[in-house]
1. According to a simple spin-label model (label point 7 Å from Cα along Cα-to-Cβ), what is the distance in nm between Glu431 and Thr228?
2. As a test question: what accessible area, to the nearest 10 Å², does Ser464 have when a 1.4 Å probe is rolled over all protein chains in place?
3. How high is the relative contact order of region 478-583, in percent, counting Cα pairs under 8 Å that sit 6 or more residues apart?
4. What is the Cα centroid distance between region 175-221 and region 422-444, reported in whole angstrom?
5. Relative to the present Cα-Cα distance, how much length would full extension add between Ala146 and Glu47 at 0.36 nm per residue of separation?
6. Two decimals is fine: what is log10 I(q)/I(0) at q = 0.13, 0.15, 0.17, 0.20 Å⁻¹ for region 252-369, from a Debye sum with one equal scatterer on every Cα and no solvent?
7. Stokes-Einstein diffusion coefficient for region 196-293 at 25 °C in a medium of 0.890 mPa s, Rh from the Kirkwood formula over Cα pairs: what value in µm²/s?
8. List the trypsin sites (Lys or Arg not before Pro) within region 502-570 that DSSP assigns to loop and that have no more than 15 neighbouring Cβ atoms inside 10 Å.
Amino acid sequence: MSRPQGRRRASRHRTGTGPKRREIRPEVLRAIVERARRGPLEAADAELLGAAVDTLVWLTAELEQKGVTIARLRKLLFGASSEKTRDVLGSVAGSAASDSGAGVGVDAGASDSERAGDEARSGAATGDTADEAASERRKGHGRTGAGAYRGAEQVAVAHESLSHGERCPSCQRGKVYRKKPAVLVRVRGVAPLRATVYELERLRCNACGEVFIARAPPGVGTEKYDETAAALIALLRYGLGLPFHRLERLGRELKIPLPAATQWEVVEAAAEAIEPLWRELVEQAAAGEVLSIDDTKARVLALGEEIREEIRKGQSERTGVFTSGVVATVGERKIVLFFTGRNHAGENLARVLEQRSQDLGPPIQMCDALSRNTSPGDFATIVANCLAHARRHFVDVVGSFPAEVAHVLELVGKVYEQDAQARAAGLSPEERLRHHQEHSAPVMAELEGWLQAQIDERRVEPNSALGDAIAYMQRHWEALTLFLRVPGAPLDNNACERALKRAILHRKNSLFYKTPNGARVGDLYMSVIHTAEQCGADPFEYLVALLRHRQSVAAAPGRWMPWSYAAALAEVEAAAAKPAVTP
């Protein structure tokens, strides 16, 4: 089943990195084999069997070429759990770091602040004492202070026998004065949703039969599920990935019935109120200086049936359904948008750019080098490619080329170290560009020369896995080094990859959307929730405000952005509290 290496590598370059993913159950393949024993195969059976054989050939080629271990094979099939230098190289990273002082790890899902934290911890670990290293506690580790409970009910408790300014009961000489209060935190378990049953007294006249019903208390409202219920269901479903049926089961166990179908009706009705705001988010995202895009697979049952029918009729070759993430950097803010359907990220980016003013120059488009990410229609962009993605190609071959990979990761780590320093210093895009040109450009020039030397001096076989990694970086060098020429260009696409983790969490928990409309509602809520999180707004309170003031939101959605809604909310509430003037 094996082939000569040159032919095998050429075939891989023609057909991609591997066979197309197909869902074929083992029992289906066994049934095809049984039918083959009885007679000629039908075309559909032959196609499925051919797909299985292609997969086996590809996997065998990977095993032969790279000599993979079980750990390597697991990473090929399921991906690596971490790409930090210390995890990829182990002891090699430690020696490289001690020699050069550049052992800063780069995680494809880590934020710039996390990288800066890694750098600080690396410095602490090389200090004079172990106590200095121990004092650098990682963010999020340790006891949670009372100040973190911002949503908790605050109860002030006065001293039972003393007041401010009274005589000290202990020494009888001084006076007691108020200090910062002692704090107790007590946490109680409550159901996600609370229900109140109002029993309205009814009286009936025994003569005329008329019935008199007591009035509901003020503030009860006319809807069974109020804005807070809709906001919480949406947050649990689309912000945290909790499927409707799990929330239904939880409610049933806590004696608060909440059928899955009812939850959908509640969030679908509420989605109409926030759709104007979503359109405003798209319009403002179109004006961004940097637009980061990427795809992850999705599943929409109705679309799957539609795709299978089109393929059967020979009307379409596109078989995938995707969730695209678009993260727009607009000044100091980030807007996160999600699009689920048959379009690729580049096509969804074109939808966003349709709203861009012609007076604005072309934005920076950050993505990996897939062709489907770089097709934004007729709209000009300045394409930057993800340095972390190029680095990942080297991480994948560390088992076979540890010394070469260690050298590449060391140089890339120095660039990330400079970027972390620039961001920690709060440099403007122009200042950050000059900083990189001074400190990172020599490092990238050294890396470019090293890559070329591996090929020119025949240190690496071009058809090898390391040769592939080198060729990828060389082929996309201009886009990978845009941060050395254009102010504001990011190093990588980590912002979008982190955003897509939310869609991946939703997919892993809920598995699929049933219809395109369900996917549209999910995209709408996830966009609003995660944009609010990026801007430091409380997503629950934000959703409640949008739903309670839906008319004001529809009239002027620009005033109800996550970073500005507090002022609009205060104005609306002040107007509602003002007494009406009687003529």
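The values are calculated or read from the model by the stated rules, or taken from the named source; none is laboratory data. In this text, all values refer to a predicted model and were calculated from it rather than measured experimentally. Cβ atoms come from the backbone with ideal geometry, glycine included; neighbour counts cover every protein chain shown. Please note that ligands, DNA and RNA were not included when accessible areas were found on the heavy atoms of the full protein model with its side chains. Shrake-Rupley method; radii C 1.70, N 1.55, O 1.52, S 1.80 Å.
1. Simple spin-label model gives 4.5 nm for this pair.
2. 20 Å²
3. Details: 34 pairs, mean separation 14.8, N = 106.
Computed value for region 478-583: 14 percent relative contact order.
4. So the separation of the two Cα centres works out to 58 Å.
5. Details: separation 99, 0.36 × 99 = 35.64 nm, distance 6.20 nm.
Additional length available on full extension: 29.4 nm.
6. -0.70, -0.84, -0.96, -1.09
7. It comes out at roughly 142 µm²/s.
8. On the way: sites: Arg502, Arg507, Lys508, Lys514, Arg520, Arg548, Arg550, Arg559; in loops: Lys514.
Listed in order of number, the matching sites are Lys514.
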